[in-house]
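Chemist: There's a structure below that I have some questions on.
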Amino acid sequence: MITFKLFNNYGTQQLMRPIVPGIARRLFGSTNQGDFESAQERVKQLSADPGNEAKLKLYGFFKQATLGVCNTPKPGMMDFVGKAKWSSWKELGAMTKEEAAKCYVTYVNELVSIDAGSSTNTPPSPVDKDANIIYSIKHSYAEIRLNRPKKFNAITWQMYGEIGEFLDRARRDTVKFAVITGTGDYYSSGNDLGNFAEIPPEGPEKMAKDGEKVLKKFVASFIDFDKPLIAVVNGPAVGIPVTTLGLCDIVYAKDSATFHTPFTSLGQSPEACSSYTFPLMMGPAKANEILLFGKKLSAEEACDRSLVTRVVPSGNFEEEIESMLKKYSELPPISLRTSKQIIRNTHKEKLHDINIKECALLAERWISDECISAIMKFFQRKK
């Protein structure tokens with residue numbers, strides 16, 4: 001590999017110099033001007049050299065943000081540094097100046113986060129180990145962990161909201177991707193039927209409408225998550241923890257995991273866009289066997305039906321997962337994010353439409369005689 005000193009040869013001041021405020025306002029608008037100028041200053045404060053690849057990305061975004069599309073001639077054959085810089089700028093194509101400025105700021109944020117994480121003086125973020133949902137950052141990725149092992153990680157109304165909030169936080173944080181997993185033997189036993197135990201004074205219709213809003217927002221947070229989302233299924237999954245896998249980008253499952261969607265036996269209907277994603281992934285016949293008739297899948301069967309990416313042996317599950325995630329955390333963040341967006345955005349509008357329709361139908365099912373009868377039987381069995 002050819003190495004070179006971009007900053008030393010060409011000067012940090014030349015590559016990252018602040019833009020005259022009046023020009024900045026015309027280029028980016030007042031909203032992005034301060035962030036862009038601040039990013040130029042912060043990148044100079046990195047404690048460690050970010051490497052040539054990072055410098056080239058910064059150079060390309062900076063040139064595109066300040067000068068626009070690259071129309072300069074390609075440097076000569078022997079000008080290795082010039083060609084590398086030219087290519088980094090040229091490959092941005094018709095990206096607008098405003099979008100390039102945003103990408104520059106985002107990438108600087110990533111570099112600053114990585115730089116801070118590598119410092120031995122940076123204390124780890126405090127984690128509430130007793131919380132039902134634990135959010136933490138590891139190796140430049142966010143982990144969202146369901147943490148009710150004594151309740152098989154069943155999801156309460158409050159937890160639905162917290163998971164959505166943490167996905168939104170992971171979008172804003174300078175992490176490269178997010179991971180969802182569970183504590184203990186279960187990934188998640190699904191919706192906590194205790195959610196239906198307390199009927200509000202306004203009646204079950206109010207409870208159903210409130211639940212519809214919570215679920216719709218929860219699923220929307222998966223649809224709108226614009227970074228890679230990885231599910232690490234550490235044990236059995238029931239209901240919505242299964243259906244949301246169709247909105248994840250990679251699914252790793254322990255070989256002992258099972259996947260079950262007993263919707264009709266509970267008088268309910270599919271959710272988390274599974275009425276759309278499951279037939280798309282595995283074909284209508286295989287999807288119907290799961291969604292209509294509640295067939296429980298083993299990890300291998302789920303993998304054969306494209307619900308799971310890879311099955312990992314129980315004996316070295318944690319070690320292998322950690323190794324893969326650490327490897328992924330070394331990939332360039334903007335490439336990961338933009339690649340995820342181009343893959344997923346084709347279906348995004350459709351997914352939101354399906355989510356609205358599924359949640360509306362579920363609100364009706366929750367107050368149906370079939371569903372109420374199934375829930376009553378569940379609570380009677382617990383006594």
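The values are calculated or read from the model by the stated rules, or taken from the named source; none is laboratory data. Note that the structure is a prediction, hence the values are computed from the model and not measured. FYI the Cβ positions are ideal-geometry reconstructions off the backbone, even for glycines, and counts take in every protein chain you see.
Chemist: Any chance the range 137-151 includes a residue that's in the same structural domain as M324 (by TED's automatic domain parsing), under 17 Å from G239 (Cβ atoms) and either part of a helix (DSSP H, G or I) or among the hydroxyl-bearing types (S, T, Y) (or both)?
Modeler: Within the range 137-151, one or more residues are in the same structural domain as M324 (by TED's automatic domain parsing), under 17 Å from G239 (Cβ atoms) and either part of a helix (DSSP H, G or I) or among the hydroxyl-bearing types (S, T, Y) (or both).
Chemist: Every residue in the range 259-285 that is of a type in the set (S, T, Y) and either more than 23 Å from L215 (Cα to Cα) or in a loop (DSSP other than H, G, I, E, B) (or both), please.
Modeler: T261, S269
Chemist: Residue by residue through the range 317-338, note down the ones that are surrounded by 12 or more Cβ atoms within 10 Å (Cβ to Cβ) and without any contact (Cβ under 8 Å) to a residue 12 or more places away in the chain.
Modeler: Passing the criteria: E318, E320, E322, T338.
Chemist: In the range 297-316, what count of residues is obtained for those that are surrounded by 15 or more Cβ atoms within 10 Å (Cβ to Cβ) and either in contact with a helix residue (DSSP H, G or I) (Cβ under 9 Å, 6 or more places away or on another chain) or not assigned by TED's automatic domain parsing to the domain that holds P270 (or both)?
Modeler: Of the residues in that region, 9 qualify.
Chemist: Residues that are of a type in the set (G, A, S) and closer than 30 Å to R171 by Cα: find the helices (runs of 4 or more DSSP H) completely inside the range 286-383 holding 1 or more of those.
Modeler: It comes to 299-304, 317-328, 333-366.
Chemist: Let me ask another. Only one of (1) at pLDDT 95 or above; (2) out of contact with any strand residue (DSSP E or B) (no Cβ under 9 Å at 6 or more places or on another chain); (3) over 19 Å from G246 (Cα atoms) is not met by G164, so which one is it?
Modeler: Single failed check for G164: (3).
Chemist: Let me ask another. Could you count how many residues in the range 276-296 are touching a residue at least 24 places away in the same chain (Cβ under 8 Å), out of contact with any helix residue (DSSP H, G or I) (no Cβ under 6 Å at 6 or more places or on another chain) and of a type in the set (S, T, N, Q)?
Modeler: The number of residues fulfilling the criteria is 0.
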